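Beneath this line is the structure, given in structure tokens, with notes to follow.
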Amino acid sequence: MDNFNLLALLSDIFAKHGPAAPAAAQTYAPGDFSVHFFLQLALILLACRIVGWFGRRFLGQPQVVGEMIAGVCLGPSLLGLFLPELQAAIFPKEMKNVLYTGSQLGVGLYMFLVGTTLRLDHFRTKLHSAIGVSMAGIAAPFLMAGLITPTLLGMPGLFAAGISQANATLFMGACIALTAFPMLARIINERGLADTSLGTLSLTAGAFDDACSWCVLALVLAAFGGGPGVAVLAIGGGVLYAGFILLFGRRLLAPLGRIVERDGEMSSTVLGITMALFCLSAFIMDAVGIHSIFGGFILGTVMPRGRFSEELKKKVEPLAVVLLLPMFFTYSGLNTRLDMINSAELLLIALGVLVASVLAKFGACYLAARLSGEDNRTALGIGALMNSRGLMELIIINIGLQKGIIGPALFSMLVLMAIVTTMMASPLFELFYGRSARASGELGAIPGSTTRRPA
């Protein structure tokens, strides 16, 4: 390590600037933070591009999965494991709040854009199936959590000492029921499903499942010391705001659409107003205790369509997807420690949690889709998509770890489950649905691939 010139250079720079400097030399001036931030962002973007390309080229994974893995690689699980001093120099703990803010802006903007592409006509035609899939995707995981939680409670260190079986079951149920809403949206967009009934059904069911999981987490936090006001504010505030937006939002926002249609383009003034509304919506949902991404998504569903949504996507999507969204994956990756699963016993338990999670989510959503009248191929595709948990899972289990609900070992098991189920989603979807749909011309080619839609 003494001969590692890059580390020596970084150490020399950070010895003079910012949070990595010795305590006596710390000044915390804005310029000090930028020394780290711009280097962090450059490494994040390069890592996401490289790992994403590798995943697409050799593993058949969408770009978003590569970005998730890149985030974990930049954290203590890989870079910090082999080059701990370098990793600590580039990503000091004091900078995590800065990275967190950028990550929330990125994922919030992305979900806002996803909301603008939601086909409400497909939702209405698939309402019965969406409700069935969503209910199954919630009920089965909580039933499975009730079966496995007593065993987990019997292992010391997995849950906090003294936690009740009811609270432990609720937390595990929320983790298993979770669908990676941002990840699901990105996979749906990259696979050409954004304007299909299957994509709308999966996205709608996933959004509802995630919202329910966050509400259950609010209940657990309330029982674990946050007080009943936490749950009341989260559930009541979220329902009231979503109801207001869905009932009145489209009518209130219609003038913005008319201005863009009249001018033939989106002016800087209209864009500024739109971004301000997005930030306000994200703030409200964050403030009540749900999550900012739901504020962005809900507002996006009632934004004007046509020229307005086309101009908005053209102006905002490149910045959100390429520059800001990778910060979300890296921030979560910095909190991930896969080396915590360090014994055969813990590995066996982790495997059991993984199998139980797949059976509860994939199996239940598949059966619900079949019972709702979907054909076997579509039902399998829905089950594969809904089983993806991604880094939304990492967010919720990080909260559990920070609040003392779970221990580091169970946290690492749930991280492993999140990564594996997310990597399963795209290959299984292509196996069960994508390949045959592209061969028949129902779907176009995957962006960046050589597969073409038949003439």
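The values are calculated or read from the model by the stated rules, or taken from the named source; none is laboratory data. Keep in mind the model is a prediction, meaning the values are calculated, not measured. Virtual Cβ from ideal backbone geometry, glycine too; neighbours counted across all protein chains shown.
Screening the candidates GLY60, GLY115 for the property of being on the phi > 0 side of the Ramachandran plot and in contact with a helix residue (DSSP H, G or I) (Cβ under 7 Å, 6 or more places away or on another chain) yields one hit, GLY60. Checking the structure you have, find out if any residue of segment 361-381 is surrounded by fewer than 16 Cβ atoms within 10 Å (Cβ to Cβ), assigned to a loop (DSSP other than H, G, I, E, B) and either in contact with a Pro (Cβ under 6 Å, 6 or more places away or on another chain) or at pLDDT below 90 (or both). Looking for residues that are surrounded by fewer than 16 Cβ atoms within 10 Å (Cβ to Cβ), assigned to a loop (DSSP other than H, G, I, E, B) and either in contact with a Pro (Cβ under 6 Å, 6 or more places away or on another chain) or at pLDDT below 90 (or both), one finds at least one in segment 361-381, hence yes.
Can you find even one residue in segment 80-100 that is closer than 22 Å to LEU271 by Cβ, crowded, with 18+ Cβ neighbours inside 10 Å and not small (Gly, Ala, Ser)? Scanning segment 80-100 turns up no residue that is closer than 22 Å to LEU271 by Cβ, crowded, with 18+ Cβ neighbours inside 10 Å and not small (Gly, Ala, Ser). Figure legend. Inter-residue proximity from segment 155-179: first residues closer than 22 Å to SER388 by Cβ, second residues polar (S, T, N, Q) and surrounded by 13 or more Cβ atoms within 10 Å (Cβ to Cβ), beta-carbon distance below 6 Å, spacing 6+ or different chains. Indicated pairs: MET172/THR149; ALA174/SER213; ILE176/SER357; ALA177/SER213; LEU178/SER213.
Of the residues making up segment 173-207, those that are modelled with pLDDT under 80 and either assigned to a loop (DSSP other than H, G, I, E, B) or among the aromatic types (Phe, Trp, Tyr) (or both) are ALA180, PHE181, ARG191, GLY192, LEU193, ALA194, ASP195, THR196. So, in segment 360-403, exactly how many residues are among the hydroxyl-bearing types (Ser, Thr, Tyr) and within 20 Å of GLY192 (Cβ to Cβ)? Going through segment 360-403 one residue at a time, the tally reaches 2. Residues that are within 14 Å of PHE328 (Cβ to Cβ) and either in contact with a Lys or Arg (Cβ under 9 Å, 6 or more places away or on another chain) or at pLDDT below 85 (or both) within segment 77-106 comprise just one, LYS96. Is one or more of the residues making up segment 256-263 closer than 29 Å to PHE208 by Cβ and of a type outside the set (Ser, Thr, Tyr)? Within segment 256-263, one or more residues are closer than 29 Å to PHE208 by Cβ and of a type outside the set (Ser, Thr, Tyr). If the condition is being surrounded by fewer than 17 Cβ atoms within 10 Å (Cβ to Cβ), more than 22 Å from the chain's Cα centre (by Cα) and in contact (Cβ under 8 Å) with a residue 24 or more places away in the chain, then segment 126-150 contributes HIS128, LEU143, GLY146, LEU147. Filtering segment 389-405 for residues that are at pLDDT 85 or above, over 21 Å from PHE142 (Cα atoms) and of a type in the set (A, V, I, L, M) leaves an empty set. Scanning segment 54-65 for residues being surrounded by 21 or more Cβ atoms within 10 Å (Cβ to Cβ) and either of a type in the set (D, E, K, R) or modelled with pLDDT of 85 or more (or both) gives a total of 1. Applying a threshold of 9 Å to beta carbon distances and a minimum spacing of six or more residues, or different chains, the list of pairs starting in segment 372-398 at a residue that is outside the structural domain of ALA207 (by TED's automatic domain parsing) and ending at one that is assigned to a helix (DSSP H, G or I) and surrounded by 24 or more Cβ atoms within 10 Å (Cβ to Cβ) is empty.
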